[in-house]
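Note sheet for the following structure.
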Amino acid sequence: MFDIKKSLSRKGRPYDNAVVESTNRLLRKELVYRNHYTTIEQLRHDPDDYVWWSDNRRLRSTLGYRSPKEFTEQGLVL
């Protein structure tokens, strides 16, 4: 359906894990530690909102102070 291919590093070369750990650290830093959740539903819903905001609204200096969505819509590449 989504044409997602599984990618795993070879034993002893955990590069995929580094990406996941970095993403988890960022979510904890920018969501969990900054908010007080009273229900598990709030905690489950916030990552979706954060990803949408990060892709559509958050300006990135490496993209010329554009959001990732703006950058790709303008047909730009790094």
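The values are calculated or read from the model by the stated rules, or taken from the named source; none is laboratory data. Predicted, not measured: the structure shown is a model, and the values here were computed from it. Glycine gets a Cβ as well: all are built from the backbone with ideal geometry, and neighbour counts include every protein chain shown.
Below is a table of values for the structure above.
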| quantity | calculated |
| --- | --- |
| Qualifying position, being part of a loop (DSSP other than H, G, I, E, B) and either at pLDDT below 85 or surrounded by 11 or more Cβ atoms within 10 Å (Cβ to Cβ) (or both), among 43, 76 | 76 |
| Some residue of the range 30-40 being exposed (fewer than 12 other Cβ atoms within 10 Å of the Cβ), in contact with a helix residue (DSSP H, G or I) (Cβ under 9 Å, 6 or more places away or on another chain) and at pLDDT 90 or above | no |
| Per-region count, the range 46-73, residues outside any helix (DSSP H, G or I) and more than 25 Å from residue 24 (Cβ to Cβ) | 3 |
| Some residue of the range 4-11 being part of a helix (DSSP H, G or I) and either exposed (fewer than 11 other Cβ atoms within 10 Å of the Cβ) or at pLDDT below 85 (or both) | no |
